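One structure below.
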Amino acid sequence: MIALPTPIRPTVAEVDLRQLAANLRCVRQAIGSRVGMLAVIKADAYGHGAIAVARLVEGLGVWGLGVATVEEGVQLREAGVRTRVLVMGASFGRDHAEVIGRELIPMVGDPGDVEAFAVAARAAGRTRFGVHVKVDTGMSRLGVGEGRFDAFLRRCAEHPSIRVDGLATHFACAEEQDLSATAAQLATFVRCLERARAMGADPQTIHAANTAAALRLPAARFDLVRIGLGLYGALPSAHVPDPGVRPALSWTTRINALRDLPAGTPVSYGATFVTTRPSRIATLPVGYADGYARRLSNRAEVLLPGAAGGPRRVPVVGRVCMDLCMIDVTEVEGVAVGDAAVLLGGKGKLSVAPEQLAAWGETISYEVLTSISKRVPRAYPGLADAELRQATGQAHPAVVALR
Ligand SMILES: Cc1ncc(COP(=O)(O)O)c(C=O)c1O
């Protein structure tokens, strides 16, 4: 546990980089050594800290890193990350020259972007700037549809400053029990790939699979799989076989107030919880502005790992506020101000997994992890000061201040 700077708001997200590395190895074992891995580190590495995760996985032999926006790619380059960075979000705005200058790899599916990259590449004196073409095979979000695919490739071929290095798609339903929609997407993608080859294009890096598809559908692995959630130790659904990954992030806080209340006392905004017995209610300095969703009101549980007689689960009672929430500790002996409370993490049966918090909040683990706000400092236990500064870069200066 790190030394906390203040007893007032000791909420922190600890990221176990060793567990992240272990997760990467588990996925690697499941998919085999011949398939490349793109570590998806968009949205600040699903809340784990993009620079720290980038530095870690860079040393573990990944093909590259996946981000959603040009800004995320630039942040990595500014931090000195040199490995391949694929910008998957396709919102290039006026940043085509920036993408080229920073040696980022764009995923394109819009003819306007091809033109803009061709112009910017020529201006930068580049003869063969590499792009990955994104095919929309059924997600209806980004990419070129099958009907316009040939024309799109011809357009790319008209520009000597552009080279199609990769061909990609993204699955909409790979975590659903029924894989028929994914099989149909895959068939469309394979048709496009064959057409591309017949037209003389020779994309070297073919990729389609996210965590769910990579673990469930060997035929979708091609040259590269794009792994996000699995790297962070969660699974997209119960239909995805667990290769042995474990959550790498624990979110903890400490009790900062305790009160004994008689039966019939309302707790928090709206009085949605009223004590039914003499109750001991503890206040935690974490709320929805930290990413502990208001939907968790009267639904979630937190762990008290230091409870007398062993770790205990206790319920969140009343509405989660912006900066605070309350838990009912009536049944736990000897609870004191300053005791640790685990919102996410823990060990064995007495743990709160991202999937569990997601179920309480009626959402998905992706949203749970990416919602932990910037106000919550990330800590990387086990790293020495110099490594810590290097690992965290500018992303979470508060972490350095914590030490
Ligand atoms: C294009 C693309 N590829 C891969 C991923 C990684 O997905 P997952 O976290 O399920 O592995 C995402 C994440 O949403 C994505 O948008």
Residue tally, condition under 16 Å from residue 28 (Cβ atoms), in contact (Cβ under 8 Å) with a residue 60 or more places away in the chain and surrounded by fewer than 23 Cβ atoms within 10 Å (Cβ to Cβ), over segment 242-266: 3
Number of the condition not met by residue 147 [criteria: (1) in contact (Cβ under 8 Å) with a residue 12 or more places away in the chain; (2) under 26 Å from residue 194 (Cβ atoms)]: (1)
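Return the residues of segment 201-220 that are charged (D, E, K, R) and within 13 Å of the ligand (Cβ to nearest atom); say none if nothing qualifies.
Within segment 201-220, the first condition is being charged (D, E, K, R), and the residues that meet it are 202, 216.
Result: 216, single match.
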Candidates 83, 69 - the one that is touching a strand residue (DSSP E or B) at 6+ places or on another chain (Cβ under 8 Å), polar (S, T, N, Q), away from the ligand (no atom under 13 Å from the Cβ) and modelled with pLDDT of 95 or more: 83
Among residues of segment 198-254, those that are over 26 Å from residue 129 (Cβ atoms) and of a type in the set (Phe, Trp, Tyr), counted: 2
Residue match in segment 35-49 (condition: assigned to a loop (DSSP other than H, G, I, E, B), more than 28 Å from residue 12 (Cβ to Cβ) and without any contact (Cβ under 8 Å) to a residue 60 or more places away in the chain): no
Failed item, numbered, when residue 151 is tested on (1) within 16 Å of the ligand (Cβ to nearest atom); (2) part of a helix (DSSP H, G or I): (1)
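Please go through segment 194-213 and pick out each residue that is in contact with a strand residue (DSSP E or B) (Cβ under 9 Å, 6 or more places away or on another chain) and crowded, with 20+ Cβ neighbours inside 10 Å.
Going through segment 194-213, the residues in contact with a strand residue (DSSP E or B) (Cβ under 9 Å, 6 or more places away or on another chain) turn out to be 196, 201-211, 213.
Listed by number, the residues that qualify are 196, 203, 205, 207, 208, 209, 210, 211, 213.
Checking the condition farther than 23 Å from residue 236 by Cα and among the hydrophobic types (A, V, I, L, M, F, W, C), which residue from 368, 302, 342, 316 passes?
Numbers: 368 fails: farther than 23 Å from residue 236 by Cα; 302 fails: farther than 23 Å from residue 236 by Cα; 342 fails: farther than 23 Å from residue 236 by Cα.
Answer to the selection: 316.
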Residue 47 of a type in the set (Gly, Ala, Ser) and at pLDDT below 95: no
Pairs, first closer than 14 Å to residue 43 by Cβ in segment 356-379, second within 16 Å of the ligand (Cβ to nearest atom) and of a type in the set (Ser, Thr, Tyr), C-beta under 9 Å, six or more apart: 364/237; 365/46; 365/232; 366/46; 369/46; 369/232; 370/46; 371/363
Residues within segment 7-36 that are within 16 Å of the ligand (Cβ to nearest atom), among the aliphatic types (A, V, I, L, M) and either surrounded by 23 or more Cβ atoms within 10 Å (Cβ to Cβ) or at pLDDT below 95 (or both), tallied: 1
Any hit, segment 169-186, residues being under 21 Å from residue 113 (Cα atoms), crowded, with 18+ Cβ neighbours inside 10 Å and within 16 Å of the ligand (Cβ to nearest atom): yes
Evaluation of residue 198 against (1) away from the ligand (no atom under 16 Å from the Cβ); (2) in contact (Cβ under 8 Å) with a residue 12 or more places away in the chain (one fails), failing number: (2)
Residue that is more than 21 Å from residue 152 (Cβ to Cβ), over 17 Å from the mean Cα position of the chain (by Cα) and surrounded by fewer than 23 Cβ atoms within 10 Å (Cβ to Cβ), where the choices are 216, 191: 216
Sole exception among (1) out of contact with any Pro (no Cβ under 7 Å at 6 or more places or on another chain); (2) of a type in the set (A, V, I, L, M); (3) not in a helix (DSSP H, G or I) for residue 303, by number: (1)
Qualifying residue in segment 129-142 (condition: in contact (Cβ under 8 Å) with a residue 24 or more places away in the chain and part of a helix (DSSP H, G or I)): no
Single condition residue 186 does not satisfy, out of (1) assigned to a helix (DSSP H, G or I); (2) over 30 Å from residue 25 (Cβ atoms); (3) in contact (Cβ under 8 Å) with a residue 24 or more places away in the chain: (2)
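The values are calculated or read from the model by the stated rules, or taken from the named source; none is laboratory data. Just so it is clear, the structure is predicted and the values come from calculations on it, not from any experiment. Cβ atoms come from the backbone with ideal geometry, glycine included; neighbour counts cover every protein chain shown.
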